[in-house]
1. Here is a list: 60, 102. Which entry is modelled with pLDDT of 80 or more, under 16 Å from the mean Cα position of the chain (by Cα) and within 25 Å of residue 23 (Cα to Cα)?
2. Inside the stretch 190-216, can you point out the residues that are free of Cβ contacts under 8 Å to residues at least 24 places away in the same chain and not hydrophobic (A, V, I, L, M, F, W, C)?
3. Taking residue 142, is it within 24 Å of residue 197 (Cβ to Cβ), at pLDDT 80 or above, part of a helix (DSSP H, G or I) and touching a helix residue (DSSP H, G or I) at 6+ places or on another chain (Cβ under 9 Å)?
4. Tell me the residue from 176, 232, 171, 167 that is closer than 30 Å to residue 17 by Cβ, surrounded by fewer than 18 Cβ atoms within 10 Å (Cβ to Cβ) and not hydroxyl-bearing (Ser, Thr, Tyr), please.
5. Can we say residue 35 is more than 18 Å from residue 207 (Cα to Cα), buried (at least 16 other Cβ atoms within 10 Å of the Cβ), modelled with pLDDT of 85 or more and not acidic (Asp, Glu)?
6. Within the stretch 179-215, which residues are closer than 17 Å to residue 146 by Cβ and not hydroxyl-bearing (Ser, Thr, Tyr)?
7. Looking at the stretch 118-134 only, could you name the residues that are at pLDDT 55 or above and either surrounded by fewer than 17 Cβ atoms within 10 Å (Cβ to Cβ) or among the basic types (Lys, Arg) (or both)?
8. Can residue 172 be described as part of a helix (DSSP H, G or I) and at pLDDT below 80?
Amino acid sequence: MQNLMILVQDPAAWVALVTLVVMEIVLGIDNLIFISILTNKLPPENREKARKIGIGLALVMRLGLLGTVAWIVQLTTPVFEVFGQGFSWKDIILIAGGLFLVWKATKEIHHSVDPVDHKEDMVGGQVATSFAAAIGQILLLDLVFSIDSIITAVGMTPHVPIMVIAVVAAVTVMLVAATPLANFIEKNPTIVMLALAFLLMIGTTLIAEGMGFHVPKGYVYAAMAFSALVEVLNMFSRNARKRKQGGITHDTAH
């Protein structure tokens, strides 16, 4: 309790907290995109429930991982080498997570381009299996992002209470934003393809990080923001054309 009071009175701790909260929210964008696309494959009555359960369990898992922060930091120690390049457990997890994201995004893009082919469902055949698979995949990917973000957080502050508050704040934002984002993606088919392209880029970045090639996240998120801005402008342009065409049709009818 005394240590917590000292942290409350420390301006540096507040700066670290704000920085960590922003970082966790930004990193959560990747998760939200994946969760939105994945849960939109479920029946409408199960989607919001899947999001809440998946994100809620992800919060429990992240808080549990923070309790083993000393062990997680050790995951950066190389365990073997390939052609002189050392690989740690963190690298292996990032590569595996990146490959999973690339595979998942590629499958979804194929499904979007060829919607007639329903033989291979992206989540699962039966509704019950699909729901369980969706929750499992949300937790699997969140494990990858959690380990990466916790290791980054440790480099920014040694105080676990600050990390806990940042994680809770970020997950709360995810819970609030999950359904609106999923609904927006579902109503705009072109956004789905853009989101899948984001997942491909994020997956490739994770693989590169695991292979020892550092990709500044600022570049990745700047590219995502620019692409999203262009798509928003396209949406405004399409809506303006539809309104204009609707006005012309209405005038012609009169």
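1. 102
2. 214, 216
3. Yes.
4. None of the other options fit; the residue is 176.
5. yes
6. 202, 203, 206, 209, 210
7. Scanning the stretch 118-134 gives a single hit, 132.
8. The answer is no for residue 172.
The values are calculated or read from the model by the stated rules, or taken from the named source; none is laboratory data. The model shown is predicted, which means the values in this text are computed figures rather than measured ones. When we count neighbours, we look across all protein chains shown, and the Cβ atoms used for this are built from the backbone with ideal geometry, even at glycine.
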